[in-house]
Amino acid sequence: MQIAFFDTKPYDKPSFERLGTEQGMTFKFFETKLNEDTASLAAGCDAVCVFVNDTVNAAVIDKLYLLGVKLIALRSAGYNNVDVRHAFGKIHVVHVPAYSPYAIAEHAMALLLTSVRRIHKAYNRTREFNFSLNGLAGFDLHGKTVGVVGTGRIGRIFIDICHGFGMRVLAYDRFPKDDAGIDYVSKEALFAQSDIISLHCPLTDETYHMIDKAAIDSMKPGVVILNTSRGALIDAQALLDGIKARKVGAACLDVYEEEGDIFFEDRSGHILSDDLLARLMTMPNVIVTSHQAFLTAEALHNIAETTVENLRSFFDTGVCENELCYRCGKVEQCKKNRPGRCF
Ligand code: NAI
């Protein structure tokens with residue numbers, strides 16, 4: 001079995017090479033991302049393995065289909081970059097529903113603590129032997145209200161972490177979980193009452209720009225906004241305006257709307273052409289990490305293990321429990337009897 005592996009980074013290779021070899025799979029590693037221009041690299045391969053910033057739109061899917069590719073194996077949980085509906089009837093799509101929700105939830109809290117205790121400022125100061133504390137006053141998390149949008153795997157762990165800090169937790173979810181003991185409120189109430197808002201829902205047509213000007217206007221002055229989910233949940237221009245107006249107290253962004261051509265790469269010798277990101281990054285109260293929340297040893301191992309198992313299961317048995325279906329988008333909720341492939 002040959003798999004074209006796109007957007008390869010040095011940290012991806014070891015686990016995939018080791019686990020793939022054990023299963024008789026050959027990964028062809030390409031540093032380039034998958035898009036219409038690079039899809040032809042998958043010629044002769046049974047499957048492609050892609051990550052969050054690969055482009056898997058209708059045109060790419062059609063090209064892969066003509067090349068005889070049978071499976072798109074996402075090594076991520078989110079799949080907003082794949083036109084799953086267009087793939088139906090042509091190529092099957094599998095993903096890694098959970099690899100370490102702890103990694104992302106813990107990163108969200110790391111960003112929050114860094115921001116509110118000014119660790120990023122202090123780190124740079126003490127490196128220069130500047131031991132002044134002026135301007136570094138933060139605030140206690142204890143007793144603050146945090147609003148969590150999306151109470152799935154990651155959101156729930158983030159809620160537990162926040163409870164550990166003695167915070168009051170409010171939550172909003174389109175599909176609230178009855179049994180969870182979570183204090184659900186409307187999205188509007190969450191925006192209005194929260195000192196800190198953390199996003200843990202998927203990017204869909206419905207959640208696109210969930211945080212826009214109107215949402216920011218409805219928030220508490222000084223609100224801290226965390227986004228470790230997907231960039232386009234936030235209208236970045238509205239966020240910048242909110243920061244400039246001193247309405248938003250701080251923003252911690254692991255994802256950015258237009259991150260596709262920027263994140264994951266060393267751009268230090270380049271002129272950043274994205275003025276919006278550049279302006280956001282000049283703000284003392286904005287912290288950006290480069291879609292790093294998933295990057296732990298445990299998560300990398302689990303991503304490789306589940307992806308290899310997805311490939312093995314699909315090609316050996318014709319079915320895979322982590323298959324995505326456009327009908328519901330969640331294979332674990334699928335009520336169809338699927339003795340074989342669903343198409
Ligand atoms: P999950 O599927 O377990 O939970 C998502 C939750 O969002 C569900 O409870 C769902 O009901 C809720 N939801 C769906 N539509 C909603 C809406 N319109 N409004 C509010 N809530 C809504 O997903 P999980 O594993 O917790 O991941 C959440 C997101 O985190 C992913 O969609 C992905 O975009 C992002 N992610 C980011 C990573 C990073 O490295 N920064 C790594 C992994 C995931």
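Numbers at a glance
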{"read-out": "Exclusive hit being farther than 20 Å from PRO202 by Cβ, modelled with pLDDT under 95 and acidic (Asp, Glu), set ASP261, ASP275", "value": "ASP261"}
{"read-out": "Top-ranked residue in the range 214-250 [being under 20 Å from PRO101 (Cα atoms) and aliphatic (A, V, I, L, M); ranked as farthest from the ligand (Cβ to nearest atom)]", "value": "ILE225"}
{"read-out": "Any hit, the range 262-272, residues being more than 16 Å from the ligand (Cβ to nearest atom), outside any helix (DSSP H, G or I) and touching a residue at least 12 places away in the same chain (Cβ under 8 Å)", "value": "no"}
{"read-out": "Out of ILE104, ILE119, ILE61, sole residue that is buried (at least 20 other Cβ atoms within 10 Å of the Cβ) and away from the ligand (no atom under 16 Å from the Cβ)", "value": "ILE61"}
{"read-out": "Hits in the range 39-68 - residues which are in contact (Cβ under 8 Å) with a residue 60 or more places away in the chain and over 24 Å from the mean Cα position of the chain (by Cα)", "value": "ASP46"}
{"read-out": "Complete set of residues in the range 67-80 that are open to solvent by 10 Å² or more (accessible area, probe 1.4 Å) and either of a type in the set (Ser, Thr, Tyr) or near the ligand (Cβ under 10 Å from one of its atoms) (or both)", "value": "ALA77, GLY78, TYR79, ASN80"}
{"read-out": "Single condition PRO14 does not satisfy, out of (1) within 26 Å of the chain's Cα centre (by Cα); (2) modelled with pLDDT of 95 or more", "value": "(2)"}
{"read-out": "Filtered residue count, the range 178-204, keeping only those that are small (Gly, Ala, Ser), part of a strand (DSSP E or B) and surrounded by fewer than 19 Cβ atoms within 10 Å (Cβ to Cβ)", "value": "0"}
{"read-out": "Any hit, the range 131-145, residues being hydroxyl-bearing (Ser, Thr, Tyr), open to solvent by 20 Å² or more (accessible area, probe 1.4 Å) and modelled with pLDDT of 95 or more", "value": "yes"}
{"read-out": "Scan of the range 159-213 for residues that are without any contact (Cβ under 8 Å) to a residue 40 or more places away in the chain, more than 8 Å from the ligand (Cβ to nearest atom) and touching a helix residue (DSSP H, G or I) at 6+ places or on another chain (Cβ under 6 Å), ordered by number", "value": "VAL169, LEU170, TYR208, ASP212, LYS213"}
{"read-out": "Test set (1) open to solvent by less than 30 Å² (accessible area, probe 1.4 Å); (2) touching a Phe, Trp or Tyr at 6+ places or on another chain (Cβ under 7 Å); (3) at pLDDT 95 or above - VAL84 fails condition number", "value": "(3)"}
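The values are calculated or read from the model by the stated rules, or taken from the named source; none is laboratory data. Worth saying up front: this structure is predicted, and the values here are computed from it rather than measured. Here Cβ is always computed from backbone atoms with ideal geometry, including for glycine, and neighbour counts include all displayed protein chains. Surface accessibility is based on the protein's heavy atoms, side chains included, excluding ligands, DNA and RNA. Shrake-Rupley method; radii C 1.70, N 1.55, O 1.52, S 1.80 Å.
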